[in-house]
Amino acid sequence: MSPPSQAQRRVLTVLVASQILSGVGLAAGITVGALLAQDLLGSTTLAGLPSALFTAGSALAAIAVGRISQVRGRRPGLAAGYLTGAIGAAGVIAAAAVDDPVVLFIALFVYGAGTATNLQARYAGADLAAPGHRARAVSTVLVATTLGGVVGPNLAAPTGDLAHTLGIPHLAGPFLVAGAAYALAAAVLLIWLRPDPLLLARRLDLQHQAAAATTTSRPAAVNTRGPGLMLGALTMILTQFVMVAIMTMTPVHMHGHGHGTAASGLVIAVHIGAMYLPSPLTGWLVDRYGRLTVAAASGLTLLAAGILAAAAPADSVVLLALALALLGVGWNFGLVAGTAIITDTVPLATRAKTQGMVDVAIAIAGATGGMVSGLITATAGYPALALAGGVVALALLPAVAATALRR
């Protein structure tokens, strides 16, 4: 096995370990963030604000993580993001303890750094991967989030009991685990993510260019941006917007129809599992059948999810779980395909910075989806929100078709 291959295996192993831990932290805010805000504010109208805040916070964090990674490498960039998420989790606990919604919203904004970092880690998995295996490398990192993401929501009830024992509000319980999980993920990366995948990829690329320049009379290929950046970004932006909007209001919708935290936690666990568990298959599909095919499949799957969520009876946990599973699969298709397109397109010299900026747009889309989801649900109802989200996802089809025609 070549040295780059050995390094790639080590990088993927360390990233998998950190993603399992960070998946727990990622799931906590999704499961109870909206319910905690609703409890403090006494209103459903702004229940989507927590999701909007921690996704807006993830936008700022995406810039920071991307810039740090661009200059210093993936290891310090990802570790800094997870440590910031841990600080945000501690702030959420403090805000719930003193019953202060303003502090809660600030803390959720900071907590969003963990979400951004969890997504940025997928790029680290692709840095050393061969072009024909990039999607599978990305999927390996994503699927590692499944274990923590599925376990996390189901810890809502027991961690709530622990929080109550400690004199903290019940709904703040999952953030106890989230803070510890993010801190441990940062420690794993700081200690074991060596060699740094981005820095090593740059050195190998420079060596390749130097070798090419000395063995041929022609100059080495110019490291310029390729086509497809806009399609890759649009694919991930739209899937994030639709996914966050529908997902955010599902626990609130269930809570309003008599379901407890355990039931909504189960549905969100199924959703998060569907977001990440299909990743190996998705990676193979992207590498085998092409980025555009899977990007189009993402839009169709999200449409199906929106229709089913809108039609599902409010008392049917099974149908709601199935709708959220489709929502997760559609998001997974879009993320893996979009990430592969971006990685193919952007040169190593500016890769981390550009990836960070793309993730900023993704985070803003998520923040917008979280914000409008509460307003739409309060005025038109959850079924209208779900159906509208599915229709928005269809915008991917003409974008994919236009790119295919240009190629």
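Only one of ARG136, ARG194 is among the basic types (Lys, Arg) and closer than 19 Å to THR339 by Cβ. Can you tell me which?
Of ARG136, ARG194, the one residue that is among the basic types (Lys, Arg) and closer than 19 Å to THR339 by Cβ is ARG136.
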Between ALA395, ALA388, ALA340, ALA304, which is at pLDDT 90 or above, among the aliphatic types (A, V, I, L, M) and under 23 Å from ALA61 (Cα atoms)?
ALA340
For the range 60-75, state whether one or more residues are in a loop (DSSP other than H, G, I, E, B) and in contact with a helix residue (DSSP H, G or I) (Cβ under 8 Å, 6 or more places away or on another chain).
yes
With β-branched (Val, Ile, Thr) and touching a residue at least 40 places away in the same chain (Cβ under 8 Å) as the only criterion, which of ILE63, ILE106 stands out?
ILE63
Please pick out the residue among ASP315, ASP359, ASP344 that is crowded, with 24+ Cβ neighbours inside 10 Å and of a type in the set (Asp, Glu).
ASP359
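Taking the stated definitions as given, is ALA52 within 26 Å of THR261 (Cβ to Cβ), under 20 Å from the mean Cα position of the chain (by Cα), surrounded by 24 or more Cβ atoms within 10 Å (Cβ to Cβ) and modelled with pLDDT under 90?
yes
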Quick check on this structure: which one of GLY328, GLY390, GLY338 is buried (at least 17 other Cβ atoms within 10 Å of the Cβ), in contact (Cβ under 8 Å) with a residue 24 or more places away in the chain and either under 22 Å from GLY265 (Cβ atoms) or over 21 Å from the mean Cα position of the chain (by Cα) (or both)?
GLY328
Output the residues belonging to the range 313-337 that are modelled with pLDDT of 95 or more and either among the charged types (D, E, K, R) or part of a loop (DSSP other than H, G, I, E, B) (or both).
none
Criterion first (part of a helix (DSSP H, G or I), under 21 Å from the mean Cα position of the chain (by Cα) and either free of Cβ contacts under 8 Å to residues at least 60 places away in the same chain or buried (at least 16 other Cβ atoms within 10 Å of the Cβ) (or both)) does ALA310 satisfy it?
no
What pairs can you find where one residue is in the range 264-292 and within 19 Å of GLY338 (Cβ to Cβ), the other is among the acidic types (Asp, Glu) and surrounded by fewer than 24 Cβ atoms within 10 Å (Cβ to Cβ), and their Cβ atoms are less than 9 Å apart, with a gap of 6+ or different chains?
ARG291/ASP344
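Yes or no, residue by residue, for (1) buried (at least 24 other Cβ atoms within 10 Å of the Cβ); (2) closer than 19 Å to ALA181 by Cα:
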site: ALA80; (1), (2): no, yes
site: LEU83; (1), (2): no, yes
site: ALA97; (1), (2): no, no
site: LEU108; (1), (2): yes, yes
site: THR115; (1), (2): yes, yes
site: ALA121; (1), (2): yes, yes
site: ALA126; (1), (2): yes, no
Considering (1) of a type in the set (Val, Ile, Thr); (2) surrounded by fewer than 23 Cβ atoms within 10 Å (Cβ to Cβ); (3) at pLDDT below 85, say which one VAL188 fails and leave the rest.
(3)
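The values are calculated or read from the model by the stated rules, or taken from the named source; none is laboratory data. Everything quoted here is computed from the prediction, not taken from an experiment. Cβ sites come from the backbone with ideal geometry, for glycine too, and all protein chains shown count toward neighbours.
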